[in-house]
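The values are calculated or read from the model by the stated rules, or taken from the named source; none is laboratory data. Note that the structure is predicted; figures quoted are calculated from it, not measured. Don't worry about glycine lacking a Cβ; one is built from the backbone with ideal geometry, like all the others, and counts go over all protein chains shown.
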Ligand code: G1P
């Protein structure tokens, strides 16, 4: 068996059309929507960096050039801020460009999440890698990815983030058939994409964080279109687990789907009320709002 290695590469698929967020996403990527005052995808990149990742491949598509601009230097703006004496703001911009080595590849055709990951093959090579879905926000208070990478290092096998949802919600997610291993860890015996609640093997849903062994690319090359007529990462993992164990790391707190309007609003309220600069006034506004509207 290959010696366990750590994970230093992440793939962030960001090629989706963002139809759940129209018309805001008609002319801008959903990943660039501001969550308080940072684009959603910057939180995801920062999460990867916190977990020790220094090489990031973002899978983009048409109309996603602003993503590249965001993680690049902007000398004009930096010069302008410097001239105005706004050094803290300027340094903040420079830091964004220095977060990690960020690379881009275009998906070409929107054939599904599985296809988006398969275009990362050349970049990733024969290494384990993390996948972070670009429109899911995970709280820095729960070091989910760090724990998943530690699990990978222990077993040398793929690890998928799992969270309990209600039976009605399960049809929106990948769903795992689990076998308990230890406290938060299960072995995944089967994985089904967006099952009918009546036949779902559990209420453990796949959330947008994965640590994958490079053998996933062979599985991705073999799968046929699945749910929604798309090539599904879930189906490739279901194939992978027939030849090597795949684990599920369960968690319960601190995840929002920023590509969905209600979750987007919730995460903004949570983050804004915790901010040192905005929090006091915003919290006062919120309690006043709730009280006076009799909510
Ligand atoms: C994707 C995955 C699904 C996973 C979900 C998490 O679905 O295919 O398995 O549960 O992300 O958000 P999507 O939301 O892109 O339809």
Taking residue 85 as the residue in question, decide whether it is touching a residue at least 40 places away in the same chain (Cβ under 8 Å) and either within 30 Å of residue 73 (Cβ to Cβ) or out of contact with any strand residue (DSSP E or B) (no Cβ under 7 Å at 6 or more places or on another chain) (or both). no
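Matching residues to (1) surrounded by fewer than 18 Cβ atoms within 10 Å (Cβ to Cβ); (2) free of Cβ contacts under 8 Å to residues at least 60 places away in the same chain:
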{"site": "75", "(1), (2)": "yes, yes"}
{"site": "90", "(1), (2)": "no, yes"}
{"site": "126", "(1), (2)": "yes, no"}
{"site": "130", "(1), (2)": "no, no"}
{"site": "133", "(1), (2)": "no, no"}
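Residue 206: assigned to a strand (DSSP E or B), buried (at least 21 other Cβ atoms within 10 Å of the Cβ) and more than 14 Å from the ligand (Cβ to nearest atom), yes or no?
In short, no.
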Can you find, within the range 215-243, the residue that is farthest from the ligand (Cβ to nearest atom) among those that are part of a loop (DSSP other than H, G, I, E, B) and surrounded by 15 or more Cβ atoms within 10 Å (Cβ to Cβ)? 215
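This table checks each residue for (1) under 17 Å from the mean Cα position of the chain (by Cα); (2) in a strand (DSSP E or B); (3) loosely packed, with under 14 Cβ neighbours inside 10 Å.
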position: 47; (1), (2), (3): yes, no, no
position: 72; (1), (2), (3): no, no, yes
position: 80; (1), (2), (3): no, no, yes
position: 104; (1), (2), (3): yes, yes, no
Looking at the range 249-268, I want the residues that are in a strand (DSSP E or B) and have a partner that is at pLDDT below 90 and away from the ligand (no atom under 14 Å from the Cβ) with Cβ atoms under 9 Å, at least 6 apart or on another chain. Which pairs are those? 255/142
For residue 257, indicate whether it is surrounded by fewer than 19 Cβ atoms within 10 Å (Cβ to Cβ), touching a strand residue (DSSP E or B) at 6+ places or on another chain (Cβ under 9 Å) and at pLDDT below 95. no
So which residues in the range 106-142 are touching a helix residue (DSSP H, G or I) at 6+ places or on another chain (Cβ under 7 Å) and part of a strand (DSSP E or B), if there are any at all? 130, 131, 132, 137, 138
Do we find that residue 165 is in contact (Cβ under 8 Å) with a residue 12 or more places away in the chain, within 16 Å of the ligand (Cβ to nearest atom) and crowded, with 20+ Cβ neighbours inside 10 Å in this structure? no
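When only residues in the range 187-203 that are assigned to a strand (DSSP E or B) and more than 10 Å from the ligand (Cβ to nearest atom) count, which is farthest from residue 176 (Cα to Cα)?
Here the residue is 187.
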Against the condition assigned to a strand (DSSP E or B) and within 14 Å of the ligand (Cβ to nearest atom), how does residue 160 come out, does it pass? yes
Number of the exception - residue 144 against (1) over 20 Å from residue 56 (Cβ atoms); (2) within 15 Å of the ligand (Cβ to nearest atom); (3) touching a residue at least 40 places away in the same chain (Cβ under 8 Å): (1)
Of the residues in the range 171-186, those that are under 20 Å from residue 254 (Cβ atoms) and either more than 10 Å from the ligand (Cβ to nearest atom) or buried (at least 18 other Cβ atoms within 10 Å of the Cβ) (or both) number 7
